[in-house]
Amino acid sequence: MTRAELTRYLDYCTEMLSLVGKSAALFAEDTTDGDVLDAVEGIETLTSDMARKVWQKIAIIQQES
C-alpha cells in the first residue's frame, strides 16, 4: 500500500469504530439495565481508545512524507 492508501484505510477504520460505538449507544438508549449500560460504556471507551491509536498512526505516516 502507498502512504495515501494506508492513510485512507486507517481513516475508514476510525469511521467503523465510531459507528460501532454509536450503534452500541443506540442499542442501550431505552434500557435501564445496569449490565447493558456498563457493557455499552465499555464498548464506547474501547472504540474511542482504538480510534485514538489509529489517529496516532495516521499522524506518524503523515510526518514521514
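Points to keep in mind about this one:
- Förster-model FRET efficiency, 35 Å R0, residue 36 and residue 3, C-beta, rounded to 0.05: 0.30
- With every protein chain in place, the chain: carbon and sulfur % of accessible area (1.4 Å): 58
- Projected label distance in nm at residue 27 and residue 11, using a 7 Å step from Cα toward the beta-carbon: 2.9
- Residues in segment 18-30 carry Karplus couplings, in order, of 4, 5, 5, x, 5, 5, 4, 5, 5, 4, 8, 4, 9 Hz; the curve used is 6.51 cos²θ - 1.76 cosθ + 1.60 with θ = phi - 60°, and Gly or Pro positions show x.
- Mean projected area in nm² (Cα convex hull; one quarter of hull surface) for the chain: 4.3
- With protein chains left intact and a 1.4 Å probe, residues in the chain average 77 Å² of accessible area per residue.
The values are calculated or read from the model by the stated rules, or taken from the named source; none is laboratory data. The shown structure was predicted, so the numbers you read here are calculated from the model rather than taken from an experiment. Cβ atoms come from the backbone with ideal geometry, glycine included; neighbour counts cover every protein chain shown. The protein model used for the area step is the full one, side chains on, heavy atoms only, and it has no ligands, DNA or RNA in it. Shrake-Rupley method; radii C 1.70, N 1.55, O 1.52, S 1.80 Å.
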